[in-house]
There are 4 protein chains.
Amino acid sequence: MIITKNARVLLLSEEGDEFLITVKPGSRFVTHLGIIEHDDILGKPFGSFVVTSKGVKIFVLSPGIIDEIFNMKRKTQIVYPKDLGFILLMLDVKNGDRVIDAGVGSGAMSYAFARAVGNSGRVYAYERRSDFLELARENFRKWNVEDIVELKLKDISDGFEEKNVDALFLDVPTPWDYLHHAWDALKSGGRIGIVVPTTNQVQEVLKRLYDLPFVKIEVWEDLFRPFKPVPDRLRPVDRMVAHTTYMIFAVKVG
Amino acid sequence: MIITKNARVLLLSEEGDEFLITVKPGSRFVTHLGIIEHDDILGKPFGSFVVTSKGVKIFVLSPGIIDEIFNMKRKTQIVYPKDLGFILLMLDVKNGDRVIDAGVGSGAMSYAFARAVGNSGRVYAYERRSDFLELARENFRKWNVEDIVELKLKDISDGFEEKNVDALFLDVPTPWDYLHHAWDALKSGGRIGIVVPTTNQVQEVLKRLYDLPFVKIEVWEDLFRPFKPVPDRLRPVDRMVAHTTYMIFAVKVG
Amino acid sequence: MIITKNARVLLLSEEGDEFLITVKPGSRFVTHLGIIEHDDILGKPFGSFVVTSKGVKIFVLSPGIIDEIFNMKRKTQIVYPKDLGFILLMLDVKNGDRVIDAGVGSGAMSYAFARAVGNSGRVYAYERRSDFLELARENFRKWNVEDIVELKLKDISDGFEEKNVDALFLDVPTPWDYLHHAWDALKSGGRIGIVVPTTNQVQEVLKRLYDLPFVKIEVWEDLFRPFKPVPDRLRPVDRMVAHTTYMIFAVKVG
Amino acid sequence: MIITKNARVLLLSEEGDEFLITVKPGSRFVTHLGIIEHDDILGKPFGSFVVTSKGVKIFVLSPGIIDEIFNMKRKTQIVYPKDLGFILLMLDVKNGDRVIDAGVGSGAMSYAFARAVGNSGRVYAYERRSDFLELARENFRKWNVEDIVELKLKDISDGFEEKNVDALFLDVPTPWDYLHHAWDALKSGGRIGIVVPTTNQVQEVLKRLYDLPFVKIEVWEDLFRPFKPVPDRLRPVDRMVAHTTYMIFAVKVG
């Protein structure tokens, strides 16, 4: 695939430095490894390389969803890829689904939902802070999902505008306040996912979930550990992420 | 959504017993909790419940991908959902992609790929054992992805028949033997994922990967820990899965 | 070292079966691997082997503290070796120390303390249930620490009888009720350790600790993962312990 | 306990800054929190506090073994307390034992062994680099165990000078080269512990262990995770140690 105008490109040095850019004719990207002319990238295939003004070899790759999430403009804590993939599966999000994402933040989760539901699906993305909303809008445009994600500048304390959604995701500070609204918005048999960083919050969410017609209530956490990819000295890295969030799941009945 | 003939239904008791069935008019499902007539289920909405001959309440839910994977007929070790979600993200599999899955086994990974690539995409599923292949075929039919997954009874030691695939997944005992074939099949900038259970295999894969034009080589493992979902006594469960697989990723260049 | 009458002996088969016995002249030990005459063991050195009536080779080893803990008679949840070693270090227990162990249970922790403080030290072991106390007494006799551990059948709600102890360990259901008593019993600069299985209990303990003159407050948990010790297929085992306890530590000031 | 001349003192601010000093009459300790006169500390009890020249309150505590290890002068990778406590238990080191520590480094492990064996025991500490040895010697003096630890400037490729030791610990780059010497030095039934950072090294050690008369061969790793000790927002910290070492254990027979 040939790199064209406005393409997203992940620049990768042999030492592992990474930069994510949008290619613009005439632009230049300045880094400690030297200068890269965007025009040198245009027309090249993904997977090829360019050489900086300092003679450093730089691979030009097509950024994946994880590259986009870790390199996006953000003002909020993100849902990490390590959790995100599992959430997509636990919520069983698939082509054509209608999904609510409440507490959009910078938009990583909505982006993942949008890719999973495709053009025949819909993501209703609630955010009450207009600065976050504008940032998310910008990110969605960049990621080409602005036609799938419907952004709503709205507090969810009055409930959701949709009914019968297939799945609903809550990433807000006090999710227990909105679980009855979530139940209302979900289809019967629909799935809810909630992320909270503290054990106190998990306790509050669970209490409220048991008061409502939800079943299959589960709580998970995960630890992802990278290894140094050295065949003769294979071992985990020295330090790792210790905690991002607890994940709570349930299914609406009744 | 109303449950119709041939629907997949997850039966869930209040104590957490789970059974996955395909609804057939006139059939009955016999369990230690009593008998359930399929006809009692037909016409009910997902999220409702039936009562067994012993008076036990059973919820009728729509099975998600994780329910299907854990309840499927299988003869092989499966890729666990905990790993599977992350692999989908790391391989950046999305609508319209063409993906190779080598070492299909019972088909869990191909199923996940099929859902991610959708009707405009394609999964080329290689398996050399005909008994595994037939089982996978049966599973794909059940999951409604037989039009997306192209099953191939074929040893991969002669290489893959496709070129320019977006992603390739290797789940075979000696993946290092096929990495050059994988490189041939991938598009420039395409992504490869490899799963192996032992550290010795990781070492072998890494050695070979460094001999070929691959970059962004990463090795990961993960630990997922469920909690007892009891709000007043919140704590992890007593025992957990300690290990399923190591995951290795890379991107083709050049 | 030669095995003599009343010695503790760990029997180990080549397949990894383990049995812990006290050697008595004239006794016999019956197992599915065949019968072992104690007289065959007497006089042999530790590290040698005997052969059962069925011809199975059995190594006769000297049991270590971990073997004793996992094989002891018990009626209670034990402090696991994985946690125990860290607690000994965090409480800085050493030769000559005076230590309180409240909530003795079957005595594993007191045993570990007794070995660390030696003959010049003292362990004050509080237990309010007489059946647990008798079991612990029996265990201490077997382990030869009955002169170091002073067992007390006593509820700690009235406080501890000792002052100026070097360290204090609380393994009771509601430790927050006794933290002021613990403070009274500790020397200035003395260390406290508390174990509780649930996050709710950790929260309660922390609240109370911050109300009292304690500093250096820390909370830890640990995961220990065994590997299959196979050099050509090195990998973690399939399943592991997910959780035993949270460990809380603090130092008395003031 | 009153702080006297040459006492080791752990200084702790309310924000958690820690400094470990040896108290010398007339000295002053300069830090960003202000100056502390050693004479202000002398005569105070452990657990009390002093005030710096800037008015900052500083607790004066008695350092525990973990404080000493993390604050010691070192030129080498240390054995972490998280591993160290478990090793002490697995090697069953106790009062009166004779233990070999090969690859002394800065001396943390020998220190822990020395405390466990007491005055009636003995630690034979091998180190081939004289600069490490001198540093360890200085540390042992500081920790008051120089009469228990016998330092030996010696390469272990010619074997160990002791026989019938109770336990032996190997912390060297190629431990498989010395396992036969270790076997020679151990008593029958004695225990060996080996630490190595990479999976390749574990594989090599296991291969060699199976060639020698060792039983009860085990491989472990552990993850210790600290929590933020905040009762209303209880959660793990953001980042943690991902890996220090693999631990291999075995028992000599034959």
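Quick notes
- Within segment C:174-225, being within 26 Å of C:LYS82 (Cα to Cα), open to solvent by 30 Å² or more (accessible area, probe 1.4 Å) and within 7 Å of chain D (Cβ to nearest Cβ) holds for C:LYS216, C:GLU218, C:TRP220.
- Only residues that are out of contact with any strand residue (DSSP E or B) (no Cβ under 6 Å at 6 or more places or on another chain) and of a type in the set (A, V, I, L, M, F, W, C) were counted across segment C:197-233, and they come to 3.
- Residue-level analysis places A:ASP158 among those that are free of Cβ contacts under 8 Å to residues at least 24 places away in the same chain, more than 21 Å from A:PHE70 (Cβ to Cβ) and not β-branched (Val, Ile, Thr).
- Within the span defined as segment C:161-172, every residue fails to be out of contact with any helix residue (DSSP H, G or I) (no Cβ under 9 Å at 6 or more places or on another chain) and among the charged types (D, E, K, R).
- Answer from C:VAL56, C:VAL123 - the residue that is farther than 22 Å from C:TYR178 by Cβ and either of a type outside the set (S, T, N, Q) or outside the structural domain of C:TRP220 (by TED's automatic domain parsing) (or both): C:VAL56
- As a summary of the residue check, B:ILE69 satisfies the conditions (1) within 13 Å of chain A (Cβ to nearest Cβ); (2) over 30 Å from B:LYS187 (Cβ atoms) except for the one numbered (2).
- Just so you know, in segment C:1-20 the residues that are outside any loop (DSSP other than H, G, I, E, B) and among the aliphatic types (A, V, I, L, M) include one that is most open to solvent (accessible area, probe 1.4 Å), and it is C:ILE2.
- Residue match in segment C:162-172 (condition: of a type in the set (Asp, Glu) and open to solvent by 60 Å² or more (accessible area, probe 1.4 Å)): no
- Among residues of segment A:80-97 being farther than 20 Å from B:TRP143 by Cα and charged (D, E, K, R), the one that is modelled with the lowest pLDDT is A:LYS82.
- Inter-residue pairs, beta-carbon under 6 Å, first within 12 Å of chain A (Cβ to nearest Cβ) and in segment B:38-50, second crowded, with 19+ Cβ neighbours inside 10 Å and part of a loop (DSSP other than H, G, I, E, B), 6+ apart: B:LYS44/B:ILE3; B:PHE46/B:SER62; B:GLY47/A:VAL253
- Just one of (1) more than 25 Å from D:HIS243 (Cβ to Cβ); (2) within 17 Å of the chain's Cα centre (by Cα) fails for D:ARG128. It is (2).
One line per residue, one yes/no per condition, for (1) farther than 20 Å from D:LYS75 by Cβ; (2) in contact with a helix residue (DSSP H, G or I) (Cβ under 6 Å, 6 or more places away or on another chain); (3) of a type outside the set (Lys, Arg):
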site	(1), (2), (3)
D:ARG115	yes, no, no
D:GLU127	no, yes, yes
D:ARG137	no, no, no
D:GLU146	no, yes, yes
D:ASP158	yes, no, yes
D:ILE192	yes, yes, yes
D:GLN201	yes, no, yes
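- Scanning segment D:226-254 for residues that are in a strand (DSSP E or B), of a type in the set (Lys, Arg) and either free of Cβ contacts under 8 Å to residues at least 12 places away in the same chain or open to solvent by less than 10 Å² (accessible area, probe 1.4 Å) (or both) gives D:LYS228, D:ARG235, D:ARG239.
- Taking every residue in segment B:171-197 that is part of a helix (DSSP H, G or I) and pairing it with any residue that is open to solvent by 40 Å² or more (accessible area, probe 1.4 Å), at least 6 positions away or on another chain, the pairs with Cβ-Cβ distances below 6 Å are B:TRP176/B:GLU204; B:TRP176/B:ARG208; B:LEU179/B:ARG208.
- Hits in segment D:83-96 (condition: open to solvent by 20 Å² or more (accessible area, probe 1.4 Å) and either of a type outside the set (Lys, Arg) or not in a loop (DSSP other than H, G, I, E, B) (or both)): D:LEU88, D:MET90, D:ASN95, D:GLY96
- Looking across B:GLY64, B:GLY85, B:GLY96, one residue alone is farther than 27 Å from B:ARG225 by Cα and within 23 Å of the chain's Cα centre (by Cα). It is B:GLY96.
- Filter pass, B:VAL205 being assigned to a strand (DSSP E or B), out of contact with any Gly (no Cβ under 6 Å at 6 or more places or on another chain) and over 30 Å from B:VAL9 (Cα atoms): no
- Each residue in segment A:200-225 was checked for being over 20 Å from C:PRO236 (Cβ atoms) and either free of Cβ contacts under 8 Å to residues at least 40 places away in the same chain or under 23 Å from the mean Cα position of the chain (by Cα) (or both), and 17 pass.
The values are calculated or read from the model by the stated rules, or taken from the named source; none is laboratory data. Computed from a predicted structure; not experimentally measured. Every residue, glycine as well, gets a Cβ built from its backbone with ideal geometry; the counts of neighbours run over all protein chains shown. SASA here: full protein model, heavy atoms, side chains in, ligands and nucleic acids out. Shrake-Rupley method; radii C 1.70, N 1.55, O 1.52, S 1.80 Å.
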